[in-house]
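In what follows, a single structure is set out as structure tokens and then discussed.
The values are calculated or read from the model by the stated rules, or taken from the named source; none is laboratory data. A quick note: this is a predicted structure, and the numbers were derived from the prediction, not measured. Glycine gets a Cβ as well: all are built from the backbone with ideal geometry, and neighbour counts include every protein chain shown. Protein only, heavy atoms only, side chains kept; ligands, DNA and RNA dropped before computing areas. Shrake-Rupley method; radii C 1.70, N 1.55, O 1.52, S 1.80 Å.
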Amino acid sequence: SLLGIRTPGDGAPRSGYGIFLFYDLTEMRRLERVRKDFVANVSHEIRTPLTSISGFAEALMDGAIDDPKTARSFLEIIVNQSHRLNSIVTDLLHLATLESGKASLIMKPVELATQVDRILEAVRSVAKEKNIFLEVEIDPPSLMYETDEGKMNLVLSNLLDNALKYTPAGGTVRISGQLLSGRIEIAVSDSGIGIPKEDLSRIFERFYRVDRARSRELGGTGLGLSIVKHVLELLRGEIRVKSHPGEGSMFIVSLPSK
Ligand code: ADP
């Protein structure tokens, strides 16, 4: 039967099935709770920007539109919050595909330095604005590995986005790559705010943030690292974190090189 319950007549010892059933239900309840928490979290995360969008739009309609300065600042909020909604939905779609088990891998040889260069292009303006020094050290510079480039782009851009988000102006963000006992190791490190020890084991959970308000303010969705974790599971990779609050963090990704 569905839960593995056996009726006394089918040859199973009577004392065994009680425990079997108990474990099954506990796991099912846990999964059900995880699913419900997730739906509640998603709803909350989506409602926050939506409330702000409708609130400021209504305020404009109620007269704020007549003062150009106020109108402009309200419109800016509306645009920002729409971008935020868009990031949440994009991240949720990535997660859904990754968790569906239907994500297919397209493996091919990739030159790490070229890949990193392309990803850096997208964040160079942010780094410049915050006066953050970007450093790349790939050894050897022609280092190649076999991977799904699109999915690894998600990993590297999420780690890099975080490094930039959680590093105050004037800091440094560094990406390094090397071969180590037949595996490729890519490290993204920063001189930022760091992560308290007690949070380190939880940051890969969906929607987990050390500082919810700060993450939101910086445009975070709380989903980035869970996407990273999922992609690395698919690619038979691993990730480790070292961090010291107030000094910085280092995320080290290790992958089979072919
Ligand atoms: P978010 O969108 O909030 O950045 P993530 O899943 O990418 O979500 O990260 C989860 C949390 O881990 C962040 O909210 C932040 O508290 C912490 N974190 C991730 N990367 C860093 C980093 N480089 N430095 C400091 N804290 C970080």
Tell me, please, whether a residue that is more than 8 Å from the ligand (Cβ to nearest atom), touching a helix residue (DSSP H, G or I) at 6+ places or on another chain (Cβ under 8 Å), polar (S, T, N, Q) and not in a helix (DSSP H, G or I) can be found in segment 206-227. no
State whether the residues of segment 251-258 include one that is modelled with pLDDT of 95 or more and surrounded by fewer than 19 Cβ atoms within 10 Å (Cβ to Cβ). yes
Which one of the conditions (1) over 25 Å from ASP211 (Cα atoms); (2) within 13 Å of the ligand (Cβ to nearest atom) does GLY182 fail to meet, given that it meets all the rest? (2)
Regarding segment 84-93, can at least one residue be identified that is among the polar types (S, T, N, Q), open to solvent by less than 70 Å² (accessible area, probe 1.4 Å), out of contact with any helix residue (DSSP H, G or I) (no Cβ under 9 Å at 6 or more places or on another chain) and within 26 Å of GLY177 (Cβ to Cβ)? no
Among what's in segment 228-248 and is without any contact (Cβ under 8 Å) to a residue 40 or more places away in the chain and within 14 Å of the chain's Cα centre (by Cα), pick the residue that is farthest from the ligand (Cβ to nearest atom). GLU233
Number of positions in segment 166-179 that are closer than 20 Å to ARG209 by Cβ and either of a type in the set (S, T, N, Q) or open to solvent by 30 Å² or more (accessible area, probe 1.4 Å) (or both): 3
Answer yes or no: is there a residue in segment 140-147 that is hydroxyl-bearing (Ser, Thr, Tyr), surrounded by 19 or more Cβ atoms within 10 Å (Cβ to Cβ) and away from the ligand (no atom under 15 Å from the Cβ). yes
Selection count where residues are open to solvent by less than 10 Å² (accessible area, probe 1.4 Å) and within 8 Å of the ligand (Cβ to nearest atom), scope segment 185-205: 2
